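Before any comments, here is the structure.
The values are calculated or read from the model by the stated rules, or taken from the named source; none is laboratory data. Model, not experiment: these values are computed from the prediction. With ideal geometry, Cβ positions are generated from the backbone for all residues, glycine too; neighbour counts draw on all protein chains shown. Note: areas computed on protein heavy atoms with side chains; ligands, DNA, RNA excluded. Shrake-Rupley method; radii C 1.70, N 1.55, O 1.52, S 1.80 Å.
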Amino acid sequence: MIPGSPAFRQVPAWQSALAGAITDPAELLAAVGLGTEWLPAAQAAARLFPLRVPRGFAARMHHGDPHDPLLRQVLPLAEECLVVDGFGDDPVGDLSAMAAPGVLHKYRGRILLTVTGACAVHCRYCFRRHFPYTDANPAADHWSRALDYILRDDSITEIILSGGDPLSLSDRRLADLARRLEGIAHLRRLRVHTRLPIVLPERVTDELLGWLGATRLKTVMVVHANHANEIDASVGDALARLKRAGVALLNQSVLLRGVNDEADALIALSEKLFQAGVLPYYLHLLDKVRGAAHFGVNESEAAHLMAELNARLPGYLAPRLVREEPGAPGKVPVT
Ligand SMILES: *Cc1c(COP(=O)(O)O)cnc(C)c1O
Ligand code: SF4
């Protein structure tokens, strides 16, 4: 074999971990020590939105606890099959905001690029669980239409890579996109919305730090953790490496019934994030997507929780409670 030839090149460890995620409900239940009474519902709900959990994330769950806050985020439940009024397929109006393939231009000065539909983990509450990614995937034309759109509008100063999870793409492709973006003079910031450093910290490779550190654009990473138990030593290490590479680190969470709907849980999360060098950014009310109604916390309860956080935390450790409204010029504060 010739060194450097494609067959000789090794698959990065994170890509093997990504490919080796748990996708079979029976395997997840066995891994966390739960009985088969959960299986029929999990199998039925997984037909609506497939199960996917990286093994390292499953290892952070408490054995034998069906209410574990990490397990609740990924275990398909019978409730997902219920039809609930007001919970639809495109709750945040993304399809109508598509300015070019994969380009969501809803807010001033920044656009969201959905660069892939793939995620390392399938969060049961995800508002993109019914999103038709194959129509929205800009990579098919090597991003040229998205880049043209950005080039033509010099009011855009920030690009947000989103998905799916943008870090499920290879560093070669991401570095190529970053290089092309930094050639657009009016851009200042490159933001990455990703859950991978939390659910699969092996993803934070030298190659990733390399292109993030090399661009002239200011880099921001918004990770997504909902509970303090998600942040173990390996995640802390990955976040520290990102921080050392000069990436500003923020976190967004979703307020989820049965996961983090108590002040103590949200405070523990903020504390743990800050220890890992991450500032809490947004706490989102659940988007009303079909199959996720059981995760809902109503606005008045959410506002009460937020008041308690504001009373017990320094201002910089209290996230902003927001909801998304189709047509609004930004996230809408909930008070
Ligand atoms: C959330 C979101 C953003 C980012 O909003 P910020 O308030 O800047 O974090 C941008 N575009 C779209 C379409 C969004 O949904
Ligand atoms: S990682 Fe983000 S986009 Fe992917 S399923 Fe979870 S919430 Fe949705």
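Quick check for me: using +1 on Lys/Arg Cβ and -1 on Asp/Glu Cβ, what's the dipole size of the chain about its Cα centre, in debye to the nearest 20?
1140
Would you rank D264, D165, D65 by solvent-accessible area, highest first, keeping every protein chain in place and using a 1.4 Å probe?
Solvent-accessible surface, decreasing: D264, D65, D165.
Could you check what % of the DSSP bridge pairs in the range 95-239 are antiparallel, to the nearest 5?
Around 25 percent of the beta bridges assigned by DSSP in the range 95-239 are antiparallel ones.
Run the 1.4 Å probe and let me know the accessible area of W38, rounded to the nearest 10 Å².
Approximately 70 Å² of W38 is accessible to the 1.4 Å probe.
Skipping prolines and chain starts, which residues have an amide H placed within reach, meaning under 5 Å, of the one on R257, given they are 5 or more residues away or on another chain?
G296, V297
With +1 on each Lys and Arg Cβ and -1 on each Asp and Glu Cβ, how big is the dipole of the range 207-305 about its Cα centre, in debye rounded to the nearest 20?
540
Name the most mobile residue of Y281, Y316, Y125, meaning the one with the largest mean-square fluctuation, in a Gaussian network model of the chain with Cα contacts below 10 Å.
Y316
Taking amide hydrogens as modeled 1.01 Å from N in the peptide plane, which residues meet the under 5 Å criterion relative to L161, leaving out close sequence neighbours?
Those qualifying (amide H under 5 Å, at least 5 residues apart or on another chain) are L113, R191, V192, H193.
Report, by chain and number, residues whose modeled amide H sits under 5 Å from the one on Y107, excluding near sequence neighbours (fewer than 5 apart, same chain).
Sorted by chain and number, the residues that satisfy this come to none at all.
Over the chain, with the other protein chains present, what is the accessible area per residue in square angstrom, probe 1.4 angstrom?
Solvent-accessible surface per residue comes out at 44 Å².
Most fluctuating residue of I267, I184, I231 in a GNM of the chain with Cα springs under 10 Å: which is it?
Most flexible of the set in this elastic network: I184.
Total Lys pairs in the chain closer than 23 Å by alpha-carbon, pairs eight or more apart in sequence or interchain only?
7
Pick from P25, P69, P12 the residue whose mean-square fluctuation is largest in a GNM of the chain, springs joining Cα atoms under 10 Å.
Of P25, P69, P12, the most mobile in the Gaussian network model is P12.
With a point put 7 Å past each Cα toward its Cβ, work out how far A185 is from L39 in nm, to one decimal.
Each label point is offset 7 Å from its Cα along the Cβ direction, giving 6.5 nm.
So which GluC sites (Glu not before Pro) in the range 242-335 end up in coil per DSSP with only 13 or fewer other C-beta atoms within 10 Å?
When the GluC sites (Glu not before Pro) of the range 242-335 are filtered for loop state and at most 13 Cβ neighbours within 10 Å, E262 remain.
Using only alpha carbon pairs under 8 Å that are at least six residues apart, calculate the relative contact order of the range 254-312 and give it in whole percent.
48
Within the range 1-105, report the trypsin sites (Lys or Arg not before Pro) that DSSP leaves as loop and that have at most 11 other Cβ atoms within 10 Å.
Those satisfying the criteria are R9.
Ignoring any ligand, DNA or RNA, what whole percent of the accessible area of the chain comes from carbon and sulfur when the probe is 1.4 angstrom?
The computed percentage sits at 54.
Quick check: net charge around A307, other residues with Cβ under 13 Å of its Cβ, Lys/Arg +1 and Asp/Glu -1?
Within the 13 Å Cβ shell, the charges total -2.
Calculate one ³J(HN,Hα) per residue across the range 239-254 by plugging θ = phi - 60° into the Karplus curve 6.51 cos²θ - 1.76 cosθ + 1.60, and present them in order as whole Hz with x for glycine and proline.
Along the range 239-254, the couplings run 5, 4, 5, 5, 4, 5, 7, x, 8, 6, 10, 10, 10, 10, 10, 10 Hz.
To the nearest 500 deg cm²/dmol, what mean residue ellipticity at 222 nm is calculated for the chain from DSSP H runs of n ≥ 4 alone, each contributing -39,500 (n - 2.57), summed and divided by the residues?
Calculated from helices alone, the mean residue ellipticity at 222 nm is -9000 deg cm²/dmol.
Each residue of the range 302-315 in order: what ³J(HN,Hα) in whole Hz does its phi give by Karplus 6.51 cos²θ - 1.76 cosθ + 1.60, θ = phi - 60°, with x for Gly and Pro?
Along the range 302-315, the couplings run 4, 5, 5, 4, 5, 4, 5, 4, 4, 7, 9, 10, x, x Hz.
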